[in-house]
Amino acid sequence: MTPEVREQLQKVIDRFALTPSQRDWLSAHGGAVLLVDDLTDTRWTQTVAARALRLAGASAVLPLALAAVA
């Protein structure tokens, strides 16, 4: 993994980090998250965001894109 990719990955993980109160709420309400993205092409952001949310305590992450680039 190149340093640039690693930096991008860390930025996305940081963006989807949950506070302790958000983690508590997530645990109390079943732990599933609907991840909505406006546009997807490579699904890279969805994949990394889902990983970050699972690390933060989500039991399931359901990705939904409003549009896709073919």
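Nothing in this text is a laboratory measurement; each read-out follows from the coordinates by a stated rule. Worth saying up front: this structure is predicted, and the values here are computed from it rather than measured. So basically every Cβ, Gly included, is an ideal-geometry build from the backbone, and we count neighbours across all protein chains shown.
Think of the chain as having a plus end and a minus end, set by charges on the Cβ of Lys, Arg, Asp and Glu; of Val12, Trp25, Pro63, Trp25 sits farthest toward the positive end of this dipole. Using the Karplus relation 6.51 cos²θ - 1.76 cosθ + 1.60 with θ = phi - 60°, the per-residue 3J(HN,Hα) values for the stretch 44-51 come to 4, 4, 4, 5, 5, 4, 4, 4 Hz, with x marking Gly and Pro.
Assuming charge only on the beta carbon of Lys and Arg (+1) and of Asp and Glu (-1), the dipole of the chain about its Cα centre is about 200 debye to the nearest 20. Taken over the Cα atoms of the chain, the convex hull encloses 90 Å³ per residue.
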